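J.: Shown below is the structure under consideration.
What follows is calculated from the coordinates using simple rules that are stated; it is not laboratory data. Computed from a predicted structure; not experimentally measured. Using ideal geometry, Cβ is built from the backbone for each residue, glycine included, and neighbour counts are taken over all protein chains shown.
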Amino acid sequence: MRSVATDPPAPAHHAAAGAPGAGAARPAAPAPAGRARAAGAAGFGQAVPVMLGYVPVAFAFGVLGHTAGLPWWALVAMSAFVYGGSSQFAALQLLAVGAAPYAVVLTTFVVNLRHLLLSAAIAPRLAGWRRREQALFAYELTDEAFAVHSAQYADRAERPKAEVFTFNTAVHGSWVAGTLVGVLAGDLVTDVEALGLDYALPAMFMALLAAGIITDRRGLAVAVVAGAGAVGLTLLSLQYWAVLAAAAAAATFGLVIAPREGHAGTAADGTAAPGSENPGPEGGPVR
């Protein structure tokens with residue numbers, strides 16, 4: 001016959017408090033505020049190179065707008081709400097010659113149609129976001145932001161929203177600030193082309209693009225097709241449709257040659273494709 005213990009059980013809160021024999025206490029998880037600050041700092045660090053390219057181009061826009069006689073608040077509002085370098089410069093040229101409002105709106109719409117392609121490419125990364133978060137992200141999506149986000153999402157499938165929105169807010173703020181400084185300095189600078197400011201944005205974008213395609217043969221081929229197509233269509237006087245048409249053609253070309261790079265786990269030369277030897281949780285390659 002077993003004896004029954006008469007000692008009362010120890011209170012549960014003793015173990016929870018880390019009483020002797022209860023085991024070592026687990027280290028405390030980082031505070032949400034600390035994680036948010038770290039993510040915000042990472043997003044700002046990613047934004048700095050883009051900001052360095054945005055400020056001089058926005059400065060040139062502010063100077064040209066001031067020279068054209070537009071009020072400062074209209075130029076700043078355009079950078080805050082339109083937020084599209086190519087479309088803003090196109091609209092500025094039309095406003096300077098007294099074009100009809102419908103012509104300005106239609107031109108801006110056509111120039112910004114390329115964002116349909118950018119949004120379609122980045123949308124799968126935001127599938128789990130709330131609708132208002134997706135709308136805010138889309139509002140601040142630019143060519144350069146797309147290049148940075150694509151590179152970051154290629155390395156990390158999940159990114160803190162604080163990091164993403166800090167990046168977007170920082171680069172957008174630099175565009176608005178550069179416009180305001182250009183307006184204020186409009187009387188001091190008369191020729192922005194002599195300073196080479198108009199080339200800062202294309203140069204910065206090409207640097208971002210090169211970092212993503214230099215090790216990928218298919219990406220390099222798609223970039224060459226897109227660049228050659230855009231230049232050729234521009235020379236054919238299809239200025240506003242050149243980028244959209246060339247991007248669509250290059251994307252189609254990339255899909256056509258994709259199977260040749262080995263979706264079945266082998267590359268074009270017959271060797272194992274990168275990642276095929278490291279299956280993921282579902283048995284597929286880790287991406």
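J.: Enter the mean projected area of the convex hull around the alpha-carbon atoms of the range 136-188, in nm², rounded to one decimal.
T.: 4.3 nm²
J.: Assuming R0 = 25 Å, what is the FRET efficiency of Arg37 and Glu140, from their Cβ-Cβ distance, to the nearest 0.05? Numbers along the way, then the final one.
T.: Details: r = 21 Å, r/R0 = 0.84.
Here the calculated transfer efficiency is 0.75.
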